[in-house]
Amino acid sequence: MASTTFALAVDVEETRPEGRASSIVPAAGAALSAETKNLFREGIELLGMGEPREAITRLERVVAVAPDYSDGFVGLGIAYAMDSQVYPALDSFEKAAEVEPSNFYAHFKLAQFHFKLRIPKKGYEEAKWALRCAATPDEKRLVAQILKEEREREAKGVARPTWNKPFSRRWVQAGMALLVAACLFLVFHMR
């Protein structure tokens with residue numbers, strides 16, 4: 001079974017530019033308790049040490065106490081992804097973007113995750129959102145980097161059908177005629 005690794009490419013606390021909300025303050029504006037801040041820091045440190053399961057327990061407690069804290073959901077999504085729990089990771093990233101729509105890291109990690117899962121359409125949509133939320137040149141460079149990597153991967157890979165074009169009328173009619181012929185064949189040969 002192939003394993004995909006996810007790196008914590010950015011330190012949420014250190015890269016928030018001046019003038020934007022601190023990563024330790026929830027979107028609602030109420031300050032987190034000291035215990036919640038410590039749990040968040042411990043979770044991020046555990047991610048850096050390669051201990052996603054331990055980080056998950058800490059970060060789940062953070063989002064239970066502070067459900068409006070989008071960076072808690074981003075960290076939790078990263079921990080789930082590192083532990084190969086795809087659906088909980090996706091849910092966490094989406095919840096982070098829902099809680100704080102202007103959170104760059106929520107959209108960035110969601111785009112990165114969609115690209116890793118080979119869902120480029122959704123990845124490009126989230127990358128567009130991340131660019132809208134980017135406030136520093138470093139954040140814009142991060143988005144440019146994942147877009148460059150995705151385009152290189154697409155150029156080297158086999159084109160996959162998108163299945164978003166409807167069948168032509170001629171193909172639908174031919175399919176219906178074939179279905180009718182098959183039904184008639186079965187009816188007359190079953191007698």
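Structure summary
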{"quantity": "Criterion (out of contact with any Pro (no Cβ under 9 Å at 6 or more places or on another chain), assigned to a helix (DSSP H, G or I), modelled with pLDDT of 95 or more and not charged (D, E, K, R)) met by exactly one of Phe108, Phe115", "calculated": "Phe108"}
{"quantity": "Residue among Ala135, Ala144 that is outside any helix (DSSP H, G or I), more than 11 Å from the chain's Cα centre (by Cα) and surrounded by fewer than 18 Cβ atoms within 10 Å (Cβ to Cβ)", "calculated": "Ala135"}
{"quantity": "The one condition in (1) touching a residue at least 40 places away in the same chain (Cβ under 8 Å); (2) part of a helix (DSSP H, G or I); (3) within 22 Å of Gly48 (Cβ to Cβ) that Ser84 fails to fulfil", "calculated": "(2)"}
{"quantity": "Among the residues listed as Gly72, Gly77, the single one being assigned to a helix (DSSP H, G or I), over 12 Å from the mean Cα position of the chain (by Cα) and either closer than 16 Å to Leu47 by Cα or of a type outside the set (Val, Ile, Thr) (or both)", "calculated": "Gly72"}
{"quantity": "Test: residue in the range 69-77 that is more than 23 Å from Asp138 (Cβ to Cβ) and crowded, with 16+ Cβ neighbours inside 10 Å", "calculated": "yes"}
{"quantity": "For Val158: the one exception among (1) assigned to a loop (DSSP other than H, G, I, E, B); (2) closer than 24 Å to Lys109 by Cα", "calculated": "(2)"}
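The values are calculated or read from the model by the stated rules, or taken from the named source; none is laboratory data. The shown structure was predicted, so the numbers you read here are calculated from the model rather than taken from an experiment. Virtual Cβ from ideal backbone geometry, glycine too; neighbours counted across all protein chains shown.
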